[in-house]
Amino acid sequence: MNDAVFTNARIVTPTAVMEKGTLTIRDGMIVSVTEGSDPAAPRGADVVDCHDRLLMPGLVDLHNDGIEQELEPRPRAVFPFPVALQSLEARLVSHGITTIFHSFSFLDGREGTLRPDRLEPAVRELNTLRKTGVIRHLVHARYEIAETRHYEAICRMVDERLVNLVSFMDHTPGQGQYRNPEHLVNYYVRKYNTPMGEIDSFLRARKEKAMDPQVAPTLARLAAHVRAAGLPMASHDDDSADKVARMSALGVTISEFPVEMEAARAAFEKGMHVAVGAPNVLRGGSTSNNLAATEAIAHGAVSVLCSDYYTPALLHAVFRLAREGLVPLPQAVRMVSANPARAAGLDRELGSLEPGKRADMVLVSDAAEVPSVVGVWVGGHRVLSKHDSGLAALGEQWAREVANAS
């Protein structure tokens with residue numbers, strides 16, 4: 001048996017913070033969570049003194065765009081997948097993420113980052129490499145509904161169990177995230193320095209694709225295929241109650257990044273999992289002047305946070321919400337652990353520090369203004385160890401050396 005006992009921990013349970021708690025694991029599973037700091041440890045068990053830090057469940061991230069950018073950080077600068085994944089995994093672990101849904105955008109154009117012909121090979125390679133990862137790597141396939149030519153590839157990967165979540169996107173100018181097409185124009189100008197003439201041509205082509213009569217029936221067939229496979233489905237950038245209703249009728253159970261309060265409320269009232277961006281929470285607003293995540297949270301219409309385009313935001317959004325009194329800390333933690341696990345159908349094994357769950361855990365030092373992850377365990381195996389007090393001392397030493405040298 002492989003036992004470990006975590007003592008002197010402030011354990012974040014689904015409903016409260018146990019100020020003096022002890023958690024015991026055996027063979028990678030949580031077997032007990034009790035109050036008190038001095039239990040009798042099983043013979044031969046490892047004892048981890050948490051020094052009054054927060055012990056939280058590992059973070060479950062349903063939408064992270066990092067892998068595409070890691071593979072191709074500049075146009076045509078493509079790096080080997082094993083190198084990219086190892087680099088990204090190190091950052092994910094350092095921010096407490098133990099289960100990650102890597103987003104692959106089946107979208108023609110620059111927003112998808114990867115060339116269309118590289119998408120399916122990348123998904124296949126990730127499924128091979130994830131066996132050597134230290135955290136749980138899963139696939140989130142993002143299907144642009146006007147790009148019907150990707151239908152067969154996604155169906156094929158769903159059949160082979162290479163995909164774990166499918167979302168439906170519509171980036172047609174004039175609706176959704178780009179209700180104001182100027183936001184899309186500005187995005188292309190700022191990020192890619194695209195000439196206006198080229199942008200105009202691109203916008204026309206995208207609108208023409210959206211008018212293809214095969215768009216709606218292909219979407220319905222794909223939704224039926226994914227639903228039959230028992231996989232969760234998400235809609236993306238819902239902008240009205242009507243769109244939420246259409247997505248719900250297809251079997252969608254997750255509403256990602258609704259851009260209007262009407263849509264967020266409609267999805268929540270239908271029992272859907274409403275996911276907002278942690279960067280939106282941390283920054284205090286949307287980059288496209290859409291719905292502010294904190295407003296939706298304050299109205300009780302949100303259950304899940306996703307890191308989206310900025311990995312560190314997931315952990316720090318939790319503490320901002322709690323610090324500003326928008327929601328209690330246990331509820332904020334559920335938004336990055338138990339709730340996304342439930343949305344993805346993983347809640348029997350993951351998402352909370354309870355007996356019978358896998359020991360995916362994060363130890364957080366929250367004494368300073370910026371909380372810091374100091375330990376991470378996946379299935380009871382420690383995959384990150386950082387001594388925050390030692391780092392603080394080194395920082396002071398380096399500061400003195402710089403001051404003396406100047």
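In order along the stretch 265-279, phi translates into HN-Hα couplings of 5, 4, 5, 5, 5, 7, x, 7, 7, 9, 10, 10, x, 4, x Hz, rounded to whole numbers, per the Karplus curve 6.51 cos²θ - 1.76 cosθ + 1.60 with θ = phi - 60° and x for Gly and Pro. The label point for ASP242 and the one for ALA45, both projected 7 Å from the Cα toward the Cβ, are 6.0 nm apart.
Rounded to the nearest 0.05, what FRET efficiency is calculated for GLU324 and GLU349 with R0 set to 56 Å and r the Cβ-Cβ distance?
Working: r = 32 Å, r/R0 = 0.57.
Approximately 0.95, to the nearest 0.05.
If R0 is 22 Å, the Cβ-Cβ spacing of LEU250 and GLN69 corresponds to a FRET efficiency of close to 0.15.
Let me check I've understood the local charge: for ALA228, count other residues with C-beta under 15 angstrom from its C-beta, Lys and Arg +1, Asp and Glu -1. What total comes out? Walk me through the intermediate numbers first.
Numbers: positive: ARG156, ARG161, ARG221, ARG227; negative: ASP159, GLU160.
After counting each charged neighbour, the total is +2.
Near VAL139, the amide H atoms lying under 5 Å from its own belong to HIS102, ASN164, LEU165; only residues 5 or more places off or on other chains count, and H is placed 1.01 Å from N. Distances between placed amide hydrogens fall under 5 Å for VAL48 paired with VAL5, PHE6, THR7, all partners being 5 or more residues away or on another chain.
Scoring 149-161, 286-298 by mean Cβ neighbours within 10 Å over their residues and listing the highest first yields 286-298, 149-161. Each residue of the stretch 371-382 is assigned a 3J(HN,Hα), and the resulting list reads x, 9, 7, 10, x, 9, 10, 10, x, x, 8, 6 Hz, derived from the Karplus form 6.51 cos²θ - 1.76 cosθ + 1.60 (θ = phi - 60°), x at Gly and Pro. A simple charge model with +1 on the Cβ of Lys and Arg, -1 on the Cβ of Asp and Glu and nothing else charged puts the dipole of the stretch 59-343 at about 540 debye relative to its Cα centre. Full extension of the chain between THR15 and GLN214 gives 66.9 nm of extra length, using 0.36 nm per residue less the Cα-Cα distance. Averaged over residues, the count of other Cβ atoms within 10 Å places the peptides 62-75, 301-314 in the sequence 301-314, 62-75, highest first. Using a cutoff of 8 angstrom between alpha carbon atoms and counting only pairs six or more residues apart, the relative contact order for the stretch 59-343 works out to 17 percent.
Shape analysis of the stretch 59-343 based on the Cα gyration tensor places the equivalent ellipsoid semi-axes at 25, 23, 20 Å, largest first. Summarising the label geometry, the points placed 7 Å from Cα in the beta-carbon direction at ASN289 and ARG156 lie 4.3 nm from one another.
Just so you know, all these numbers are worked out from the coordinates, no wet-lab data involved. All figures in this text were calculated on a predicted structure; none of them were measured in a lab. Here Cβ is always computed from backbone atoms with ideal geometry, including for glycine, and neighbour counts include all displayed protein chains.
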